[in-house]
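One structure below.
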Amino acid sequence: MSSTRLCCCGKPLARRNLSGKCGACYNAARQQAQVSMDERIAQAIITKRPYGEIAREFGCPISRIKAAAYRRTAPEAARFSMAAIVKACSDVTRIPAADIRGKSRRLHHIRARMILYVLALGAGHSSVAVGRFAGGKDHTTVLSGRDKANDLAKEDPALATNIAAARKRLLTLAKLEKRSDTLRGPVRTRLVKPRNNFVAVDQLDEDEGHRFANRIAAGSHKLLVAIQAYQAGAA
């Protein structure tokens, strides 16, 4: 009679178990190995070796190396919202947010937009998201604008001062947003009664009658007139 195998934690193992560990111990060991490998990848990235060489050394896809490099360079990704960033740029440069996000090619608008690129990328937003927010710009335009702003800041003290002031203003706005969210409390659902006689409520309401009213309220005026005429004729 064969004896039952036990895991290191004392749990019995199935007959087909080849790892010698139960599910919980196996997952814990795998997670520990993952963390150890991530630390070794981070150490290799610090040496500024090519990503392909690091991927071949650890036997993992290059996408994992790039993700580890992004986490290392932007540990506070998306720390500030894009709305707060463009508000900080607008307050410092005295340029409306619509012009910063627009397609104007005026020099002062372009310089304010470059400050937006520097702050947004520094906050951890992707170049694709920043370009989409800034009027549908390509991600290469965002990256080149950020690099050009950093180069000009070394020669132009005014631009460097504006970038520093925008960063300081962004920190102030973030504190104000956090304080206002604390004072505001939980968000409540507000009932809306449109100009027609149907009541539109939150779409998450489980009442079928309210959902039907929402769909009718979202329709066009001609459709509502036709429905009311049909109901009047049926009555």
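Two decimals, Cα atoms only, Kirkwood Rh: what is Rg/Rh over the range 21-171? Walk me through the numbers before you get to the answer.
On the way: Rg = 19.5 Å, Rh = 17.4 Å.
Reported Rg/Rh, Kirkwood definition of Rh: 1.12.
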*Considering only Cα-Cα distances, which of the following residue pairs are longer than 29 Å: K66/K175; K11/K66; K148/K168; K48/K168; K103/K154?*
K66/K175; K11/K66; K48/K168
_3J(HN,Hα) from dihedral phi, the range 5-20, Karplus parametrisation 6.51/-1.76/1.60, rounded to Hz, x for glycine, proline_ = 6, 10, 7, 5, 8, x, 7, x, 9, 5, 5, 8, 6, 9, 7, x
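When Lys and Arg each count +1 and Asp and Glu each count -1, what net charge do the other residues less than 10 Å away from L119, Cβ to Cβ, add up to? Don't jump to the answer; show the numbers that get you there.
Numbers: positive: R146, R167, R169; negative: none.
Summing Lys/Arg as +1 and Asp/Glu as -1 gives +3.
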*Counting only heavy atoms of protein chains, what accessible area per residue, in Å², does the range 1-68 have with a probe of 1.4 Å?*
78
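For the range 114-169, count the residues as N, evaluate 2.2 N^0.38 Å, and divide the Cα radius of gyration by that value, please.
Cα Rg divided by the expected 2.2 N^0.38 Å: 1.08.
The values are calculated or read from the model by the stated rules, or taken from the named source; none is laboratory data. Predicted, not measured: the structure shown is a model, and the values here were computed from it. Heads up, the Cβs are rebuilt from the backbone with ideal geometry, glycines too, and the neighbour counts pull from every protein chain shown. Side chains included, ligands, DNA and RNA excluded: accessible areas come from the protein's heavy atoms. Shrake-Rupley method; radii C 1.70, N 1.55, O 1.52, S 1.80 Å.
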